[in-house]
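S.K.: I am attaching a structure below and will ask some questions about it afterwards.
Taken together, the values in this text are just the output of simple stated rules run on the coordinates, not laboratory data. Bear in mind the structure is a predicted one, so any value in this text is a computation, not a measurement. Because the Cβ atoms are built from the backbone with ideal geometry, glycine has one as well, and the counts that use them run over all protein chains shown.
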Amino acid sequence: MPDTETLSLTEIEDLSVRALMAAGTTEANARPLAAATAATEADGVASHGLAYIPIYAEHVQCGKVDGQAVPVLTRPAPSVIAVDAATGFAHSAIDAGFEALIPLAREQGVAALAIRNSYNCGVLGYHTHRLAQAGLLGIGFTNAPASIAPSGGQKPVVGTNPFSLAVPDGQGGVAVLIDQSASVIAKSEIMKHNREGQPIPEGWGLDQDGKPTTDPAVALTGSMAPSGGYKGVGIALLVEVMAAAMTGATLGMNASPFSGTKGGPPKTGQFFLAIDPGATSGGGFAANIAELVGAIHAQPGARLPGDGRGGKRAMAATRGVAVNATTLAKVRSLIG
């Protein structure tokens, strides 16, 4: 049996929709998540792609996420959109929020979207990328169950807590895409190594005494290593404030895990800022970004954040994606 099978992005999305609906998810909730899954596979981030579909299905079936949820949108202030995800998937809540956020940001110059009672939003950069494609500067934050201990401590208090910045190029494209977590590596990568029985590189995780470990199982019960030491902890705290405190979501230290079936819905949050560069830059934004990007690309071997994903995405659109055969078998088994 071959190790991989090549699927088109349409096939990946269709397979994901059918698997999620078979688990008890409405099509309205399955479709946005499936589209993100296909895009994630295209970007080469397999740890957040089809490999997560069995986990999503399991969480629908155990009640950690409500596959039938209907997000509730409100307008608490002129430039603020709030969405209660109702313990459903983050993707459909974000979709509902973006539908109102994008025109509001164009109208007001700056607009915010606060999402509470939510769930794992997958690759955060997928969402901010959409804002940049709409011509807006997109900034996103999402908190996660606690997995990083504070500086000098041993007990996790904050999650890997990614933030993302997507910069439009003024021509309908995306010039820069920063998408990074507060940890050295995304927790899903350690989970992937644990599932496959592979050791992790030193520096990825810490044991319960705060000492480095190469055992992924030990790291998962200890702490993720913060990127840059105390600076990574600072980023995690920043994201926790934005994605949990500012939205009314659950703090990471009180949220149930994104893995396994223990605990009820995590009820974490997402926070997005959408800014119209035309309203703040006096018309010089696109030229400045072009000059900045050009200066970096002019250096041999230099890359911008997002360059790697962009190249893979363009290739996947025509050639499809090579998907792990074992992962495919698990997803297909959900459909029956």
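S.K.: Explain nothing, just the number: relative contact order of the chain, from Cα pairs under 8 Å at least 6 residues apart, as a whole percent. List each step's numbers first, then the result.
M.R.: On the way: 780 pairs, mean separation 77.4, N = 336.
Averaging sequence separation for qualifying contacts and normalising by length gives 23 percent for the chain.
S.K.: Subtracting the Cα-Cα distance from 0.36 nm times the residue separation, let me have the gained length for Ala287 to Asp207 in nm, one decimal. Kindly include the intermediate steps, with their values, before the conclusion.
M.R.: Details: separation 80, 0.36 × 80 = 28.80 nm, distance 4.80 nm.
The Ala287-Asp207 span can extend by a further 24.0 nm.
S.K.: Also, I was wondering about something else. Taking θ as phi - 60°, what are the ³J(HN,Hα) couplings along segment 76-87 by the Karplus curve (6.51, -1.76, 1.60), each to the nearest whole Hz, with x for Gly and Pro?
M.R.: Once rounded to whole Hz, the list reads x, 8, x, 10, 10, 10, 10, 10, 8, 6, 6, 6.
S.K.: Using the alpha-carbon centroid of each, what span in Å lies between segment 17-37 and segment 232-301?
M.R.: Here the answer is 25 Å between Cα centres.
S.K.: Okay, helix-only estimate at 222 nm for the chain: each DSSP H run of n ≥ 4 adds -39500 (n - 2.57), divide by all residues, round to 500 deg cm²/dmol; what do you get?
M.R.: Values: 12 runs with 136 residues, N = 336.
Taking each H run of at least 4 residues, the total per residue is -12500 deg cm²/dmol.
S.K.: Also, I was wondering about something else. Just rank Arg195, Arg106, fewest to most, by other beta-carbon atoms within 10 angstrom.
M.R.: Taking fewest neighbouring Cβ atoms as first place, the list is Arg195, Arg106.
S.K.: Using the structure shown, list the pairs from Lys64/Lys312; Lys187/Lys211; Lys64/Lys155; Lys231/Lys262; Lys155/Lys187 with a Cα-Cα distance above 22 Å, or answer none.
M.R.: On the way: Lys64/Lys312 33 Å; Lys187/Lys211 17 Å; Lys64/Lys155 24 Å; Lys231/Lys262 31 Å; Lys155/Lys187 16 Å.
Over 22 Å apart, Cα to Cα: Lys64/Lys312; Lys64/Lys155; Lys231/Lys262.
S.K.: For segment 1-148, report the translational diffusion coefficient in µm²/s to the nearest whole number, using Stokes-Einstein at 25 °C, 0.890 mPa s, and a Kirkwood Rh over Cα pairs.
M.R.: Numbers: Rh = 16.0 Å.
So the translational diffusion coefficient is about 153 µm²/s.
S.K.: Which order do the peptides 88-99, 144-155, 42-53 come out in when sorted by mean C-beta neighbours inside 10 angstrom, highest first?
M.R.: 88-99, 42-53, 144-155
S.K.: A further question follows. Averaging over all projection directions, find the projected area of the Cα convex hull of segment 251-323 and quote it in nm² with one decimal place.
M.R.: Numbers: hull surface 39.3 nm².
Across all orientations, segment 251-323 yields a mean hull projection of 9.8 nm².
S.K.: Tell me, Cys62, Cys121 in order of fewest to most beta-carbon neighbours within 10 Å?
M.R.: Numbers: Cys62 13, Cys121 26.
Lowest to highest Cβ neighbour count: Cys62, Cys121.
S.K.: Using modelled backbone amide H atoms (1.01 Å from N, in-plane), which distant-in-sequence or interchain residues come within less than 5 Å of Gly205's amide H?
M.R.: For Gly205, whose amide H was placed from the backbone, the distant partners under 5 Å are Thr213, Ala225.
S.K.: Once the dipole of the chain is set up with Lys and Arg at +1 and Asp and Glu at -1 on Cβ about the Cα centre, which of Leu220, Pro168, Pro199 lies farthest towards its positive end?
M.R.: Toward the positive end, the furthest listed residue is Leu220.
S.K.: Taking only the alpha carbons of segment 147-190, what extent do you get along each of the three principal axes, in Å, biggest first?
M.R.: 47, 20, 12
S.K.: So what's the convex hull volume per residue for the Cα atoms of segment 181-292, in Å³? Don't skip to the answer; put the middle values down first.
M.R.: Details: hull volume 17.6 nm³, N = 112.
Looking at segment 181-292, the number lands at 158 Å³ per residue.
S.K.: I would also like to ask the following. Measuring from a point 7 Å past the Cα of Ala77 along Cα-to-C-beta, which residues in segment 229-253 have an amide N at less than 12 Å?
M.R.: Answer for this model: 246-247.
S.K.: In Å³ and rounded to a whole number, note down the convex hull volume per residue for the Cα atoms of the chain.
M.R.: Values: hull volume 46.5 nm³, N = 336.
Taking the convex hull of the Cα positions in the chain, it is 138 Å³ per residue.
S.K.: Relative contact order, percent, of segment 234-336 when contacts are C-alpha pairs under 8 Å separated by at least 6 residues?
M.R.: Details: 51 pairs, mean separation 14.6, N = 103.
Dividing the mean separation by the residue count of segment 234-336 yields 14 percent.
S.K.: Please list the equivalent ellipsoid semi-axes of segment 99-219, computed as the square roots of five times the alpha-carbon gyration tensor eigenvalues, in descending order and whole angstrom.
M.R.: Numbers: eigenvalues 234, 47, 27 Å².
Ellipsoid semi-axes (Å, largest first): 34, 15, 12.
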